[in-house]
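Quick notes on the structure that follows.
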Protein chains: 2
Amino acid sequence: MISSMLRRYIPVFDWGRTYNKHQFSNDMIAAIIVTIMLIPQSLAYALLAGLPPEMGLYASILPIVLYAIFGTSRALAVGPVAVVSLMTAAAIGQVAEAGSMGYAMAALTLAMLSGAMLLMMGVFKLGFLANFLSHPVIAGFITASGVLIAASQLKHILGVDAHGHTLWEIVVSLVRHLPETNPVTLVIGVAATLFLFWVRKGLKPLLKRLGLGPRPADVITKAGPVAAVVATTVVVWALGLDQQQVAIVGEVPQSLPPLTLPSFSLDLMTTLAVPALLVSIIGFVESVSVAQTLAAKKRQRIDPDQELIGLGAANLGAAFTGGYPVTGGFARSVVNFDAGAETPAAGAFTAVGLAIAAVALTPLIFYLPKATLAATIIVAVLSLVDFSILTRTWGYSRKDFTAVAATIILTLGFGVEVGVSAGVALSVLLFLFKTSRPHIAEVGLVPGTEHFRNINRHKVLTNPALLTIRIDESLYFANARFLEDYVYDRVVGDDALKHVVFMCSAVNEVDMSALESLEAINHRLSDMGLKLHLSEVKGPVMDRLKRSHFLEELSGEVFLSQYHAQAKLAPVEDAPQPISSAI
Amino acid sequence: MISSMLRRYIPVFDWGRTYNKHQFSNDMIAAIIVTIMLIPQSLAYALLAGLPPEMGLYASILPIVLYAIFGTSRALAVGPVAVVSLMTAAAIGQVAEAGSMGYAMAALTLAMLSGAMLLMMGVFKLGFLANFLSHPVIAGFITASGVLIAASQLKHILGVDAHGHTLWEIVVSLVRHLPETNPVTLVIGVAATLFLFWVRKGLKPLLKRLGLGPRPADVITKAGPVAAVVATTVVVWALGLDQQQVAIVGEVPQSLPPLTLPSFSLDLMTTLAVPALLVSIIGFVESVSVAQTLAAKKRQRIDPDQELIGLGAANLGAAFTGGYPVTGGFARSVVNFDAGAETPAAGAFTAVGLAIAAVALTPLIFYLPKATLAATIIVAVLSLVDFSILTRTWGYSRKDFTAVAATIILTLGFGVEVGVSAGVALSVLLFLFKTSRPHIAEVGLVPGTEHFRNINRHKVLTNPALLTIRIDESLYFANARFLEDYVYDRVVGDDALKHVVFMCSAVNEVDMSALESLEAINHRLSDMGLKLHLSEVKGPVMDRLKRSHFLEELSGEVFLSQYHAQAKLAPVEDAPQPISSAI
């Protein structure tokens, strides 16, 4: 009993019991590969968030362990990710100056708020909230963020000091500082960028041609960023380029993640509440979609509400060990998965690896040029940028296109928070707008069947005494009046008409407002000497209607099927055909 | 051409051309009755809004004329109404002290903003926006407002000085000032209230028993408030009660509506923007529902978008002639209608009557006690109070009940603006929440028909090789993932299963997110060796799907009807019955 509870809420007790040697070795190998990849990445994303590099490492250690304990995905790798790092920078940039003590403190607080929110959402099973982010809006947001991130890193490549949270601000600021470009930094930055692009595109095929197996080829490719880091660090150290204003990482404390206390200032927390919510939801959505993609490949399932708890724990962990908001990253998780990670233990081993790095390797990155980290970020995020979502939605649905376009433009033009909020709001409003003006079809009998279709799209049989209206939407307050107007406009002056049937096969709800409209229509039609009938009313809707007086007042009847209605009220000539006689 | 344009946008050119003597006399009689009723009412509502009484009269003169020119309803009477007066008080109370010059100025500005907004909404045909206020939410809001209004007037009955925009504030303030109650005022106030209630309930029957015809009886009843005004005024004047601190109306300028200029201070306008929007929408909704009710009785139609223009013009008129926000009132319009008004000209005549009153009668109301006006307000608004909406929605739909209850509680507890905004937001959220977790039914063939119904509700025929899922909701981002989970949970471990059919008779839309989910389901099912089919896909949805690659990738087919699908994929034994053979 207790143990089943434990297994339910702390999955580690589930997979932990059956953990074996084979899984261990696989997890170990995966951990090594991921660790190699995460060291530069963690430093880089901290830089992107405007935080000291070690915070990136710290944010990858305890959070990974906590997620391994509470999360449900076997392969998800939690830590700093590009988009969330950018959102963090945007959020805490409003309350403190980058580099200041208050700035780091705000990052901890943001992580704590986000962790608490995720935890709450998990406890109250609010995972479904993430569904209100439409896929196209997410795609558009990620793409726009990728562009913003790449742009924001150019300053490190140029070795200048530029700022801004919108594309416009960033570009203006870059142009203004262009004259101050540091040629040495530029050379390093461009070289590193080109090298990393080549590693991504050209190295693996080359290694294969050189006869390496896919696995080692993979490991070496993943080690690309590390190579860039080592090479450029050595060059800067050997040639003393830091004397020529090449910005370097510099002193990084040599320690395990410190115990830190976020600020509980009500003032700060209220300012950060909305950003924290956005960070939580975006982080959750990104994480869940990655986790689901990977789980599907192994026929596993993940539990979104438990994922919320896992991510919540991870973020609280980050808040109290010198980190900043984290989530399940796409790149690292895929690497973890491809590398053969079998259980969350792989994550735990990765954490150990990073802890060792934080203790032992930090002195070695003193001379690491920031330009190299910027290069790794740029190469990483440009793979997120995919404007094809615009063309795909344009072809498929103008509504989706509008939402995506708005998301992209607003994200680039007004920053991540405005962008994603507007995207969500817009997609909801567009949906409401559509449902408020539902598609309504006049239908007739398809010859040789008992099936009714739109008279404008199919050759169907009708009887002038009977008007059948198929309402293609749930009836609720936003479209109640629309239906009234439609019916009145249609029936006025149609003298042959005796019966009006609402075919309710697509009506999934009739709320109080719609009920009142139906009553109004019923009365108005009987004043005109017309009978109102219903057909194919769904069970749940019928239950609802039975609780009102509508059915007593209804001038006509309720038919199980439209076919029954037609047969009883106004038969149409139809030669019986094989299909309709027997199966 | 031009003239038809004119008739379209300025309806007066439409009904004006055919105006005749008969209509004139009817309009005249109606105008007289309405004028008698409007004089005290206009003064009273101005008092409710915390404005000088004459502003109530001014708000009823030009606006009526402008509506008569631009409006489409034949019987609607425009002017100050209870709820909008209360909202005005709440809105401008935030920016200025009641009684101050800035307060009146704010009222003009609010009217101007509201007028401009209504006009804009009309020009851009945004009348449908009003539909997002569900009927129950409106009913709850009106009821709660009625309570607030009645409570806010008690101070005039007690002759004390109390304030507050929420029930709690008002009650507390009243209790605190209770000791200062002015006995004389109390007597006048209570007497007037009882008298007016008696007029409303008891007088008409009495007159009928005395042998009066319904029309004169009606006129006399409507004159009740006037009688109360005259009587109490004379009493106060004769006994010099104003010397005993009985609050009286006092000096009222004797003039036609003055030309006034609202403030164009950007500061003030931004503060009042949201309140103005709420005033506009609430006013519009109240007005339109009244107009539609009355139009329906005469088989006339009103054009909501033209109504917006009419009300917009009326409010702009109020803003520039010393008035405050106005709309079509229920009581006055019904009176106008019952009194036999045939065209908007009746409104114009009423305006003349009120103009005469403003010029000639104002000196006579110097001694009019405010308690009498308060009494007329209380008696008028208590007829709006109807808590039965709570019981009706409780019985019919918990969702509607929640929205109503929240609206009432929040309106009473936090004032009109919070109340109505919360009501709208909540009803929308509840709708979204429901659509995000759609009803999904497994269906089978109803014996003797070609009709399919829920296997849990009907005796139906099924074939274990075929699973038919009827999705009772449009598929969009908010419920796309829900469907995925449902299908996977259902099919796992069902070995007899070969085909899955989505019966799309209730699917009115498939957006990009849902399309991606369908693709995912399709792939996952074929991995499991199951074919996915669609049936009864609607025309608009089919058009949409054809624009994607989904149909090529679909492992199964798309069937015109579920019956065809069953017949082709997995026939079921069914003895043919009369109904299915021929009509």
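The values are calculated or read from the model by the stated rules, or taken from the named source; none is laboratory data. Bear in mind the structure is a predicted one, so any value in this text is a computation, not a measurement. When we count neighbours, we look across all protein chains shown, and the Cβ atoms used for this are built from the backbone with ideal geometry, even at glycine. For accessibility, only protein heavy atoms count, side chains too; no ligands or nucleic acids. Shrake-Rupley method; radii C 1.70, N 1.55, O 1.52, S 1.80 Å.
As a check on your grasp of the helix formula, calculate [θ] at 222 nm for the protein assembly as shown: sum -39500 (n - 2.57) over DSSP H runs of n ≥ 4, divide by the residue count, round to the nearest 500. Numbers along the way, then the final one.
On the way: 52 runs with 722 residues, N = 1166.
So the calculated ellipticity at 222 nm is -20000 deg cm²/dmol.
Any idea of A:GLU553's accessible area? Nearest 10 Å², probe 1.4 Å.
80 Å²
When Lys and Arg each count +1 and Asp and Glu each count -1, what net charge do the other residues less than 13 Å away from B:ASP489, Cβ to Cβ, add up to?
On the way: positive: A:ARG301, B:ARG481, B:ARG490, B:ARG524; negative: A:ASP303, B:GLU442, B:GLU484, B:ASP485, B:ASP494.
Taking every Cβ under 13 Å from that of B:ASP489, the sum is -1.
Stretched out fully, how many nm does the piece from B:GLU552 to B:HIS22 gain, at 0.36 nm a residue minus the Cα gap?
Gain on extension, B:GLU552 to B:HIS22, equals 183.8 nm.
I'd like to know which of A:ILE469, A:LEU186, A:GLY556 lies farthest towards the positive end of the charge dipole of chain A, counting +1 on Cβ of Lys and Arg and -1 on Cβ of Asp and Glu.
Going by the Cα projections, it comes out as A:LEU186.
How big is the A-B contact in terms of buried accessible area, both chains counted, 1.4 Å probe, rounded to the nearest 100 Å²? Don't skip to the end; give the middle numbers.
Values: alone 26640 and 26700 Å², together 45580 Å².
In total, this chain pair buries about 7800 Å².
Suppose we keep just the DSSP beta bridges with both residues in region A:440-569; what percent of those would be antiparallel, to 5?
On the way: 7 of 20 bridges.
Counting only bridges with both partners in region A:440-569, antiparallel ones make up about 35 percent.
Obtain the nm distance between the two label points defined at B:HIS523 and A:ASP267 by a simple spin-label model: each point lies 7 Å from its Cα along the Cα-to-C-beta direction.
Taking the two extended label points, one gets 5.1 nm.
Please report Rg (one decimal) and Dmax (integer) in Å for the Cα set of region B:315-452.
Rg then Dmax for region B:315-452, in Å: 24.5, 83.
Report the far tail of the P(r) of the protein assembly as shown, meaning the percent of Cα-Cα pairs longer than 60 Å.
On the way: 187100 of 679195 pairs.
Summing the P(r) of the protein assembly as shown above 60 Å gives 28 percent of all pairs.
For region A:90-215, rounded, prolate or oblate, judged on the Cα gyration tensor with a ≥ b ≥ c (square roots of eigenvalues), a/c < 1.5 rounded, else prolate if a/b > b/c?
Oblate, since a/c reaches 1.5 and b/c is not below a/b.
Report the GluC sites (Glu not before Pro) located in region A:409-460 that are in a DSSP loop and have at most 14 other Cβ atoms inside 10 Å of their Cβ, or state none.
Working: sites: A:GLU417, A:GLU442, A:GLU450; in loops: A:GLU450.
Passing sites in region A:409-460 do not exist.
If you put a point 7 Å past Cα along the Cβ direction, how far is that point for B:VAL171 from the same point in each other copy, in nm, smallest first?
Here the equivalent label points are 6.0 nm apart from this one.
For chain A, return all DSSP H helices satisfying: extent of Cα atoms along own axis at least 20 Å; mean Kyte-Doolittle hydropathy at least 1.0.
Values: long enough: A:21-48 (39 Å, 1.05); A:53-70 (27 Å, 1.49); A:101-123 (33 Å, 1.72); A:135-158 (35 Å, 1.22); A:183-198 (22 Å, 2.09); A:224-239 (22 Å, 1.99); A:266-297 (45 Å, 1.42); A:304-320 (24 Å, 0.54); A:398-414 (23 Å, 1.02); A:416-436 (30 Å, 1.62); A:477-491 (22 Å, -0.28); A:512-527 (23 Å, -0.17).
Taking the DSSP H segments of chain A (at least 20 Å long, mean hydropathy at least 1.0), we get A:21-48, A:53-70, A:101-123, A:135-158, A:183-198, A:224-239, A:266-297, A:398-414, A:416-436.
What relative contact order, as a whole-number percentage, does region B:19-430 give when Cα pairs under 8 Å and 6 or more residues apart are counted? Numbers along the way, then the final one.
Details: 785 pairs, mean separation 162.8, N = 412.
The normalised contact order for region B:19-430 reaches 40 percent.
Projecting each Cα onto the charge dipole of the protein assembly as shown (Lys/Arg +1, Asp/Glu -1 at the beta carbon, about the Cα centre), which of A:LEU534, A:GLN566, B:MET269 comes out farthest on the positive side?
Going by the Cα projections, it comes out as A:GLN566.
When Cβ neighbours within 10 Å are restricted to other protein chains, what is their mean count per residue of peptide A:470-481? All intermediate terms of the calculation are to be shown ahead of the outcome.
Details: counts 2, 1, 10, 4, 9, 0, 11, 14, 10, 2, 3, 9.
That works out to 6 on average.
When the Cα atoms of chain B are enclosed in a convex hull and the volume is divided per residue, what value in Å³ results?
Numbers: hull volume 130.9 nm³, N = 583.
Per-residue hull volume (Cα only) is 225 Å³.
Give the ranking of A:ILE389, A:ILE309 by solvent-accessible surface, highest area first, calculated with a 1.4 Å probe.
Working: A:ILE389 5, A:ILE309 25 Å².
Largest accessible area first, the list is A:ILE309, A:ILE389.
Given region B:132-273 reduced to its alpha-carbon atoms as identical point scatterers, what log10 I(q)/I(0) does the Debye formula return at q = 0.14, 0.18, 0.20, 0.21 Å⁻¹?
Rounded to two decimals, the profile gives -1.04, -1.17, -1.18, -1.19.
Given a 1.4 Å probe and every protein chain left where it sits, what share in percent of the accessible area of the protein assembly as shown is carbon and sulfur?
On the way: 30800 of 45580 Å².
The computed percentage sits at 68.
Order A:ARG524, A:ARG457, B:ARG490, most accessible first, counting only protein heavy atoms with a 1.4 angstrom probe.
A:ARG457, B:ARG490, A:ARG524
How shielded is B:500-506 by partner chains, expressed as the average number of their Cβ atoms within 10 Å of its Cβ atoms? Working shown, then result.
Working: counts 0, 0, 0, 1, 1, 8, 10.
If you average over the peptide's residues, the count of other-chain Cβ atoms is 3.
Find which of B:LEU48, B:GLN153, B:ILE33 sits farthest along the positive direction of the dipole of region B:1-154, computed with +1 on the beta-carbon of Lys and Arg, -1 on that of Asp and Glu, about the Cα centre.
B:ILE33
Per the Kirkwood treatment, what hydrodynamic radius in Å, one decimal, follows for region B:440-569 from the mean inverse distance over all distinct Cα pairs?
Working: mean 1/r = 0.0681 Å⁻¹.
Result for region B:440-569, one decimal place: 14.7 Å.
Specify, per residue and in Å³, the volume enclosed by the convex hull of the alpha carbon atoms belonging to region A:215-354.
Values: hull volume 23.2 nm³, N = 140.
Expressed per residue, the convex hull around the Cα atoms of region A:215-354 is 166 Å³.
Want the number for A:LEU239 to A:SER4: 0.36 nm per residue separation, take away the alpha-carbon distance, what's left? Walk me through the numbers before you get to the answer.
Values: separation 235, 0.36 × 235 = 84.60 nm, distance 6.13 nm.
Extending this stretch completely gives an extra 78.5 nm.
Write down the accessible area per residue of region A:440-569 in Å², having rolled a 1.4 Å probe over the full set of protein chains.
Details: 4410 Å² over 130 residues.
Here the residues of region A:440-569 average 34 Å² of exposed surface.
May I ask you to derive the relative contact order of region B:420-505, considering only C-alpha pairs under 8 Å and at least 6 residues apart, and to give it as an integer percent? Before the final figure, lay out each step's value.
Numbers: 101 pairs, mean separation 25.4, N = 86.
RCO, region B:420-505: 29 percent.
Pairs A:LYS531/B:LYS125; A:LYS434/B:LYS459; B:LYS459/B:LYS498; A:LYS568/B:LYS568; B:LYS155/B:LYS222; A:LYS204/B:LYS546: which are spaced more than 31 Å apart, C-alpha to C-alpha? Don't skip to the answer; put the middle values down first.
Working: A:LYS531/B:LYS125 33 Å; A:LYS434/B:LYS459 36 Å; B:LYS459/B:LYS498 23 Å; A:LYS568/B:LYS568 29 Å; B:LYS155/B:LYS222 26 Å; A:LYS204/B:LYS546 39 Å.
In this structure, A:LYS531/B:LYS125; A:LYS434/B:LYS459; A:LYS204/B:LYS546 lie more than 31 Å apart at Cα.
Rolling a 1.4 angstrom probe over the protein chains, ignoring ligands and nucleic acids, what is the accessible area of B:MET28 in square angstrom, nearest 10?
My reading of the accessible area for B:MET28 is about 70 Å².
For region B:307-394, report the accessible area per residue in Å² (1.4 Å probe, heavy atoms, rounded to an integer). Don't jump to the answer; show the numbers that get you there.
Details: 2480 Å² over 88 residues.
Result: 28 Å² of accessible area for each residue.
At 7 angstrom along the Cα-to-beta-carbon line, where would the label on B:GLU519 sit relative to the other copies? Give the distances in nm, shortest first.
Sorted ascending, the copy-to-copy spacings read 4.8 nm.
State, as an integer percentage, the relative contact order of region B:440-569 based on alpha-carbon contacts under 8 Å between residues 6 or more apart. Present the calculation step by step, with values, prior to reporting the outcome.
Values: 220 pairs, mean separation 30.0, N = 130.
Answer for region B:440-569 is 23 percent.
Of all beta bridges DSSP finds with both residues in the protein assembly as shown, what is the antiparallel percent, to the nearest 5?
Numbers: 22 of 48 bridges.
About 45 percent, rounded to the nearest 5.
Please work out how much accessible surface A:THR260 shows to a 1.4 Å probe, ignoring ligands, DNA and RNA, in Å² rounded to 10.
30 Å²
Comparing the chain by itself with all protein chains present, which residues of region A:392-432 are at least 50 Å² less accessible (probe 1.4 Å)?
The answer is A:TYR396, A:PHE431, A:LEU432.
Calculate the dipole size of chain A relative to its Cα centre from +1 charges on Lys and Arg beta carbons and -1 charges on Asp and Glu beta carbons; express the result in debye to the nearest 20.
1840 debye
Treating the point 7 Å from Cα along Cα-beta-carbon as the label, what are the nm separations from A:PRO214 to the other copies, to one decimal?
Its label point is 8.8 nm from the equivalent points in the other copies.
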